[in-house]
Structure formats: C-alpha cells, structure tokens
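Quick notes on the structure that follows.
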Amino acid sequence: MLKDWINGVLDFCYLPFRKVMPMQTFRYAACGGGNTLLDIILYIVSFKYLLREQVVHTPLGAISAPIAAFLISFTITFPTGFLLNRHIVFPGSTLKGRIQLFRYFLLVIVCVALNYIFIKLFVEQFHIYAPVAKVLTTVIVISFSYLTQKHFTFRIESQGEVAGKQ
C-alpha cells in the first residue's frame, strides 16, 4: 500500500520532468533526495542537539561528534534507502533480493568509507563546519552511489546472462 502511494506521488510529480530525464532517474533522484534529506536532518539534529557537538566516549574509545552523528543517521537511512531503491527505483531488477541486499551492503560500506574520509578531510583539514562538510560529502557520495546501484546492485541481467545460468 505504501509502495503504491509513493509510486502514485512520484508518477504525478514526474510529469514536468518527463522530457528531461527517464522515469528511473527521476525516481532515484526523488527517493534518494528524500532519504538524503532525512539523513542530513538526522545528522544535524544528532550533531547539534543529541550529541551537543561533544566527543562520544565509549568502552572502545572516543568518537568525534561529526562521526557519531553520521553513524546515528546511517542506522536509519540504510534500511530506508535499500527499500526505496529495491521497491520504487529498481523494481525490475532480476537479481534475487539477498544478492541485492549483499551488493547494497557492499556499496554502503564503500559509501561509509567515503563519508568518513571526506567528513574528516573537510572538518579537520579544511576546517569546514561539520554540517556543511556533510552536505558537500553527500553530493560526492550520491554521484558515485547512483552509478554503482544502476550498473551493479540493482542491474537487470541480459537475456544472455540469464540463459547462461540455466
């Protein structure tokens, strides 16, 4: 039911964009944009209000507030991102769900590493305020993520690939 509602809203919103981009690209932009907005909001709320911009001390060691806020937002946006991509953006993927989830997980590990590297670089080396660094990092990571998801995580196998497995 939620899937049908989301698809209906996206189909309606797609009308002005149909001459500019394919439906799948629009759905990726809309779903990814919504999930990214959620991620940024969760990040800022966690960083400023939950963590109060302070280092988090754990039994395993200290975690800086920018990284801790990233980890908090990630725990929510990982599952929402996978479900949106699987059911809304790339519903025609011929890969099995467990393969999609594994590949999505691999992609996310790479994206987590990229997030970590760029946030640390922007905050600690370039002295950019953490929420601004998060937005800049997000733009870089999203570009990489879309191409990887389209051509690897949720790809559609060609007839030759399907025939070769039989």
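The values are calculated or read from the model by the stated rules, or taken from the named source; none is laboratory data. Just so it is clear, the model here is predicted, and its values are computed rather than measured. Don't worry about glycine lacking a Cβ; one is built from the backbone with ideal geometry, like all the others, and counts go over all protein chains shown.
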Could you check how many residues of segment 1-48 are over 22 Å from Thr137 (Cα atoms) and either modelled with pLDDT under 90 or not β-branched (Val, Ile, Thr) (or both)? 21
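Residue-by-condition table, conditions (1) in contact (Cβ under 8 Å) with a residue 24 or more places away in the chain; (2) crowded, with 18+ Cβ neighbours inside 10 Å; (3) part of a helix (DSSP H, G or I); (4) out of contact with any Lys or Arg (no Cβ under 7 Å at 6 or more places or on another chain):
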| position | (1), (2), (3), (4) |
| --- | --- |
| Ile44 | yes, no, yes, yes |
| Phe47 | yes, yes, yes, yes |
| Gln54 | no, no, no, yes |
| Ala69 | yes, yes, yes, yes |
| Thr75 | no, no, yes, yes |
| Pro79 | no, no, yes, yes |
Considering only segment 1-29, how many residues are under 14 Å from Phe90 (Cα atoms) and assigned to a loop (DSSP other than H, G, I, E, B)? 1
Hey, can you tell me all the residues within segment 106-119 that are surrounded by 13 or more Cβ atoms within 10 Å (Cβ to Cβ) and within 15 Å of the chain's Cα centre (by Cα)? Leu106, Leu107, Val108, Val110, Cys111, Val112, Leu114, Asn115, Tyr116
Can you find, within segment 56-67, the residue that is nearest to Gly32 (Cα to Cα) among those that are hydrophobic (A, V, I, L, M, F, W, C) and out of contact with any Lys or Arg (no Cβ under 9 Å at 6 or more places or on another chain)? Ile63
With criteria (1) hydroxyl-bearing (Ser, Thr, Tyr); (2) free of Cβ contacts under 8 Å to residues at least 24 places away in the same chain; (3) surrounded by 11 or more Cβ atoms within 10 Å (Cβ to Cβ), Thr58 comes up short on (3)
Tell me, yes or no, whether segment 84-92 has at least one residue that is surrounded by 11 or more Cβ atoms within 10 Å (Cβ to Cβ), modelled with pLDDT under 90, out of contact with any Ser or Thr (no Cβ under 6 Å at 6 or more places or on another chain) and over 19 Å from Leu38 (Cα atoms). yes
Here is a list of conditions, (1) free of Cβ contacts under 8 Å to residues at least 40 places away in the same chain; (2) farther than 22 Å from Phe144 by Cβ; (3) aromatic (Phe, Trp, Tyr); (4) touching a helix residue (DSSP H, G or I) at 6+ places or on another chain (Cβ under 9 Å), and Phe12 meets all of them except one; can you say which number that is? (4)
Mind checking which residues of segment 119-140 are over 10 Å from Pro66 (Cβ atoms) and touching a residue at least 60 places away in the same chain (Cβ under 8 Å)? Val135, Thr138
Condition (residue is within 18 Å of Gly34 (Cα to Cα) and surrounded by 20 or more Cβ atoms within 10 Å (Cβ to Cβ)) applied to segment 120-134: is it met by at least one residue? yes
I'd like to know if segment 30-38 contains one or more residues that are among the hydroxyl-bearing types (Ser, Thr, Tyr) and either touching a strand residue (DSSP E or B) at 6+ places or on another chain (Cβ under 8 Å) or more than 22 Å from Val89 (Cα to Cα) (or both). no
